[in-house]
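Novice: Below is the structure I would like to discuss, written out as structure tokens.
The values are calculated or read from the model by the stated rules, or taken from the named source; none is laboratory data. None of these values were measured; they are calculated from a predicted model. Using ideal geometry, Cβ is built from the backbone for each residue, glycine included, and neighbour counts are taken over all protein chains shown.
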């Protein structure tokens, strides 16, 4: 399960992710993070059965954690299976099947939105 965590460092510079791991015992995979001196955002992955626990613990520590059901969606009526998204994706979330139809593996997606920008038909949407 993926969670998008946002937090403000103005409330203190505590290592929130490390603290959640220690308190819950749940191992967290950080897939993407952007953090500066005042705020941060991290896309994390946790086991499906531990998502709510991690989200609630993050919230109790002052962060906002949102469970992501979907990240990128493909509008099938707009997609022409050109492959522009395949070439730009850093995690190889897009592939062609045997009939050269575009396939998306959401589990690999890190919500970088490079594919959305690269799509010439605007067939991809980032749902946050």
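Novice: Looking at 35, 67, can you tell me which residue is closer than 29 Å to residue 115 by Cβ, loosely packed, with under 12 Cβ neighbours inside 10 Å and modelled with pLDDT under 90?
Specialist: Numbers: 67 fails: loosely packed, with under 12 Cβ neighbours inside 10 Å.
Only one candidate passes the filter, namely 35.
Novice: Right, here's the next one. Could you tell me which numbered condition residue 43 fails, if it satisfies all but one of (1) assigned to a helix (DSSP H, G or I); (2) crowded, with 17+ Cβ neighbours inside 10 Å?
Specialist: (1)
Novice: Please find, within the range 10-28, the residue that is surrounded by the most Cβ atoms within 10 Å (Cβ to Cβ) out of those that are touching a residue at least 24 places away in the same chain (Cβ under 8 Å) and assigned to a loop (DSSP other than H, G, I, E, B). Walk me through it before giving the result.
Specialist: As a first pass, look at the range 10-28 and keep what is touching a residue at least 24 places away in the same chain (Cβ under 8 Å): 10-12, 14, 16-17, 19-20, 23-24, 26, 28.
Those still in the list that are assigned to a loop (DSSP other than H, G, I, E, B) too: 12, 14, 26, 28.
On the way: 12: 10, 14: 13, 26: 16, 28: 20.
For the range 10-28, the residue satisfying everything is 28.
Novice: Which members of the range 54-75 meet the condition of being assigned to a helix (DSSP H, G or I) and in contact with a strand residue (DSSP E or B) (Cβ under 7 Å, 6 or more places away or on another chain)?
Specialist: Across the range 54-75, the qualifying residues are 54, 55, 58, 59.
Novice: Would you check if residue 92 is part of a loop (DSSP other than H, G, I, E, B) and loosely packed, with under 15 Cβ neighbours inside 10 Å?
Specialist: yes
Novice: Moving to a separate point now. On the given criteria, is residue 109 modelled with pLDDT of 95 or more and surrounded by 12 or more Cβ atoms within 10 Å (Cβ to Cβ)?
Specialist: On the way: modelled with pLDDT of 95 or more: no; surrounded by 12 or more Cβ atoms within 10 Å (Cβ to Cβ): yes.
Considered against the rule, which asks whether it is modelled with pLDDT of 95 or more and surrounded by 12 or more Cβ atoms within 10 Å (Cβ to Cβ), residue 109 comes out as no.
Novice: Can you name the number of the only condition in (1) without any contact (Cβ under 8 Å) to a residue 60 or more places away in the chain; (2) closer than 17 Å to residue 105 by Cα; (3) in contact with a strand residue (DSSP E or B) (Cβ under 7 Å, 6 or more places away or on another chain) that residue 40 fails?
Specialist: Residue 40 satisfies every listed condition except (2).
For every residue, the table says whether it meets (1) under 16 Å from residue 126 (Cα atoms); (2) in the same structural domain as residue 6 (by TED's automatic domain parsing).
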residue: 39; (1), (2): no, yes
residue: 49; (1), (2): no, yes
residue: 52; (1), (2): no, yes
residue: 55; (1), (2): no, yes
residue: 62; (1), (2): no, yes
residue: 78; (1), (2): yes, no
residue: 99; (1), (2): no, no
residue: 108; (1), (2): yes, no
residue: 111; (1), (2): yes, no
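Novice: Does residue 31 satisfy being in the same structural domain as residue 10 (by TED's automatic domain parsing) and either part of a strand (DSSP E or B) or out of contact with any helix residue (DSSP H, G or I) (no Cβ under 8 Å at 6 or more places or on another chain) (or both)?
Specialist: Taking the combined requirement at face value, the residue satisfies it.
Novice: Of the numbered conditions (1) within 30 Å of residue 5 (Cβ to Cβ); (2) surrounded by 14 or more Cβ atoms within 10 Å (Cβ to Cβ), residue 79 satisfies every one except a single condition; which is it?
Specialist: (1)
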